[in-house]
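Asks: Questions regarding the structure given below will be posed in turn.
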Amino acid sequence: MCVTFMIGFILLVISCSKSEEVEPLPVPVVPEVNISVADLVFPDVEAKSCIFTVTSNVPWKMSLSNTQQALSWCKVEPMSGNKGVTSVTVTICQNNEDYDDRSTNLKIEAGDASKIISVTQKKKNSLILSKDKFEVGPNESTLQVDLKTNVSYTVEIPEEYVPWIIKKTDSGTRALQDKREYFTIREGNIQGARIGLILFRSGEFKDTVTVFQTQKDALILAQNTYSVTHNATSIDVELRTNVEYQVQIPSEAGWIKQSQTRAMRSDILQFSVDENEGYTPRTASIVIKDKNSSLTDILTIRQDPNPGQCAITQDGKIKADVENYTTLAGMIEYVKANIWVWDDYTDNDYVEKLGEGTFRDNGFTMMLGELPDRYLEDITYELEDFYSLSLQISDKRARVSSFSGITLEAYRGTESVGEFYHVKKMGKDFYKRDDEEDIYFAGGIVGVFVYADRDVSINGSETWKDEYNNEYYHYKINLSLRKGWNEIFVESKKYGDNYDMWITANKQPDGMIWEFFPNTTPDDYYGNYDISYKTPYGNYESTTGVVKISPYEDEGGGEWIFIEGLYEGVSAFTAYGEWQPYESCFLLYGSLFSRRTFYFTDEPNTLYYAAYYPVHYDPTDNYVRYLSGGKYENGEARLMMNVDGTLSYLGFLPDKDDLTANGFIYRYYSMETDEYRGYLGPCYDITLTPNYAPSARAAAANSRDNNRSSKRRSFPYWINSQRNTDSTDAIKSKMMKSRDIPTQHPGGVSSTGKSIITARE
């Protein structure tokens, strides 16, 4: 039965296979991929992109070896594609700061097929010294210099160091690896330490090794002398040594203390210095000594006297640094300290010399010494003008020199040319103007040198009223005079109807300066001058005496000058000045003009006149700033004579913006319409030089003075800045009061672009 069943099953299968047809299987695709380049190599710096193609008969994808690291410097786009031809861009987006090449493999996979190309960025060339400074002892030794490099290099020893620095090896390499160079350092000497150089070069790369060799058994202070101010301070002293040492401070120098020693390649010795409260400088010598031998070095510390005391020492030494007149050097030969003496027999006073000093380096020094008794008076006699103050005098036996002090007179040869004063100008309060436009001394400090034969103190104060002037006077004296020389400080200040005076001694206020006041009169200024000045666009200098200064008489009194030719020697450009006896100078006032006319050569039929204005010019920002204040509310400048006869153009009272004049501008107007047309300048760094020999000055002044009456001029025109009308003058006034005007036009060229000015009288 089983056999029958199997035969039936077989027949059934055969019959079925004959009735159905079977479909053939598809032919399989063999993946293929190709790339258009071999390996890619880039330089060490960030490079441009490189493009290659991927050709594949199936879709493909790409991967990078060291994927996370590689993606920081290598960018590939795209990272996959379909069958066909695809452009792939490789970009190096970062410099290689390593000292080895870096690379990544790009693997392109298409089914079972794959290709690999290498992308390499070259290494950075380098020459690296592990240490560039070496200190060696005085004995012969071997110096080892370690370096890392991947380039070939040379070693150079400059010729002056060859006698004691000798190279022992030669080498070179390309891979970044450790290298060592050896040098023999020969024995040092006892004359001192020495420094040598070793140079490592490779093309553009260079590094230098500095070798410091100590002297044999040496103590070397980097600096032997230190000068410090009177203030408490600390000093760091560098000491190079190869021995054990000790620091010895003299017992009398208790004002110096060693703070600590900081260990370094060289020791740093630190000393604290106390404030010098005395009137004289002090010096101490500190010994640095080898503990095991006689080897030493000396450290000297010098400290200035306390300037807060006074400008004269107790024994009479005066040292003056004159800051406000740099032109005095070479013009003044010496300075005398003179004292006025009363002759009881003749009832006359006369001058005797106490001391003398040569003027050099813009200052002078002299010694007055002990003052003989014949110059002294009882202190009650000298203070009799202050009896109303109910003075308390500690020792009425004291004798002192005159409280008017001594004079410090400057000389050139036998000619007295001026005096020096120790003063403090109290800013805007030193000089002021009253309601009548007169200038008065409003506040400041003057130093007076007085001698006392013993220590004595004087104290007192009082307030009283001047009924006639309806003014209040406040006096206060607080003097502690030491035996010997003293400086008394007289401080004055006027405010409203009050006048204050404080008198103290030997405690110098801040801001005291030495100021020179020349012996000049108005007559000394008259004459012809060359002029030099700067402009933003070039400098001007004359040599023909184009500036003329002559006397001018004001109907209101006073002594005035009339100046012609300030701008490029053209006489139409004028200024007016008023004599100031307190400083022996002229003040030049802004906004005044003479109505003299000028024209531009290419426009001869159009006449203009010009008004002078002192200005503050800042070359750093090239801006002109017009000044407020002054007698006519348009600023002012000083014209002051120097010892050599030259005239300096200086500022005077600060205006409301705390500015003073250092230059000038000329604003010019149509003669026909009074219309403002432009300005000329600014001119700054101005100097006027007399155009004749100094010996002829007196004769010239006398001649001019004899003809003064014939030189009378009408009072100058004044542009009234206070008018409130809409007149042409009011418009001009507003223009003149404007500030922060850009300087857009060079000297000699107007805002109209015209040039070359010719005057018409």
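The values are calculated or read from the model by the stated rules, or taken from the named source; none is laboratory data. This structure is a prediction, so every number in the text was calculated from the model and none was measured. Because the Cβ atoms are built from the backbone with ideal geometry, glycine has one as well, and the counts that use them run over all protein chains shown.
Asks: Going residue by residue through the stretch 142-154, is there one that turns out to be among the small types (Gly, Ala, Ser), more than 30 Å from LEU71 (Cβ to Cβ) and part of a strand (DSSP E or B)?
Replies: no
Asks: Checking the structure you have, find out if any residue of the stretch 643-660 is over 27 Å from GLY418 (Cβ atoms) and in contact with a Pro (Cβ under 7 Å, 6 or more places away or on another chain).
Replies: no
Asks: Of a type outside the set (Val, Ile, Thr) and touching a Pro at 6+ places or on another chain (Cβ under 8 Å) - does that describe any residue in the stretch 596-617?
Replies: Yes, the stretch 596-617 has at least one match.
Asks: Okay, next question. Inspect the stretch 97-113 for any residue being under 30 Å from THR184 (Cα atoms) and buried (at least 16 other Cβ atoms within 10 Å of the Cβ) and give the result as yes or no.
Replies: The answer is no, given that none of the residues of the stretch 97-113 is under 30 Å from THR184 (Cα atoms) and buried (at least 16 other Cβ atoms within 10 Å of the Cβ).
Asks: Conditions first: (1) more than 17 Å from GLY663 (Cβ to Cβ); (2) under 37 Å from the mean Cα position of the chain (by Cα). GLY565 passes all but one, so which condition is the exception?
Replies: The one condition GLY565 does not meet is (1).
Asks: For GLU541, work out the one condition from (1) of a type in the set (Asp, Glu); (2) in contact with a strand residue (DSSP E or B) (Cβ under 9 Å, 6 or more places away or on another chain); (3) in contact (Cβ under 8 Å) with a residue 24 or more places away in the chain it doesn't fulfil.
Replies: Status for GLU541: all satisfied but (3).
Asks: Shifting gears a bit: Might you let me know whether the stretch 592-611 holds any residue that is touching a helix residue (DSSP H, G or I) at 6+ places or on another chain (Cβ under 7 Å), of a type outside the set (A, V, I, L, M, F, W, C) and surrounded by 18 or more Cβ atoms within 10 Å (Cβ to Cβ)? I'd like the intermediate steps shown before the answer.
Replies: The initial filter retains those residues of the stretch 592-611 that are touching a helix residue (DSSP H, G or I) at 6+ places or on another chain (Cβ under 7 Å), namely none.
Looking through the stretch 592-611, none of the residues is touching a helix residue (DSSP H, G or I) at 6+ places or on another chain (Cβ under 7 Å), of a type outside the set (A, V, I, L, M, F, W, C) and surrounded by 18 or more Cβ atoms within 10 Å (Cβ to Cβ).
Asks: Got a sec? Which of ILE488, ILE561 is in contact with a Ser or Thr (Cβ under 8 Å, 6 or more places away or on another chain) and in the same structural domain as SER648 (by TED's automatic domain parsing)?
Replies: Of the residues listed, the single one that is in contact with a Ser or Thr (Cβ under 8 Å, 6 or more places away or on another chain) and in the same structural domain as SER648 (by TED's automatic domain parsing) is ILE561.
Asks: Name the residues in the stretch 622-641 that are crowded, with 21+ Cβ neighbours inside 10 Å and of a type in the set (S, T, N, Q), would you?
Replies: Across the stretch 622-641, the qualifying residue is only ASN634.
Asks: Would you say GLY681 is in a loop (DSSP other than H, G, I, E, B), touching a residue at least 12 places away in the same chain (Cβ under 8 Å), more than 25 Å from the chain's Cα centre (by Cα) and crowded, with 19+ Cβ neighbours inside 10 Å?
Replies: no
Asks: Of everything in the stretch 149-194 that's of a type in the set (Gly, Ala, Ser) and buried (at least 16 other Cβ atoms within 10 Å of the Cβ), which residue is modelled with the lowest pLDDT?
Replies: ALA193
Asks: Quick one: would you say ASP655 is part of a loop (DSSP other than H, G, I, E, B), of a type in the set (D, E, K, R) and farther than 19 Å from PRO682 by Cβ?
Replies: Taking the combined requirement at face value, the residue does not satisfy it.
Asks: Looking at the stretch 177-258, what strands (runs of 3 or more DSSP E) fall wholly within it and have at least 2 residues that are aromatic (Phe, Trp, Tyr)?
Replies: 177-185, 205-213
Asks: Can you tell me how many residues within the stretch 39-67 are modelled with pLDDT under 80 and either in a loop (DSSP other than H, G, I, E, B) or touching a Pro at 6+ places or on another chain (Cβ under 6 Å) (or both)?
Replies: Selection size over the stretch 39-67: 7.
Asks: Where the second residue is of a type in the set (Val, Ile, Thr) and in a loop (DSSP other than H, G, I, E, B) and the first is touching a residue at least 40 places away in the same chain (Cβ under 8 Å) and surrounded by 23 or more Cβ atoms within 10 Å (Cβ to Cβ) and lies in the stretch 647-667, which pairs have Cβ atoms under 7 Å and are six or more apart or on separate chains?
Replies: Partner pairs satisfying both residue conditions: PHE652/THR660.
Asks: Considering only residues of the stretch 500-559 that are surrounded by fewer than 19 Cβ atoms within 10 Å (Cβ to Cβ), aromatic (Phe, Trp, Tyr) and at pLDDT below 90, which is nearest to GLN314 (Cα to Cα)?
Replies: Among those residues, the one meeting the criterion is TRP502.
Asks: Looking at TYR576, TYR617, TYR608, which is the one that is of a type in the set (Phe, Trp, Tyr), over 18 Å from GLY651 (Cα atoms) and not in a loop (DSSP other than H, G, I, E, B)?
Replies: Being of a type in the set (Phe, Trp, Tyr), over 18 Å from GLY651 (Cα atoms) and not in a loop (DSSP other than H, G, I, E, B) holds for just one of TYR576, TYR617, TYR608, which is TYR608.
Asks: Of the numbered conditions (1) at negative phi; (2) surrounded by fewer than 20 Cβ atoms within 10 Å (Cβ to Cβ); (3) part of a loop (DSSP other than H, G, I, E, B), LEU566 fails exactly one; give the number of that condition.
Replies: (2)
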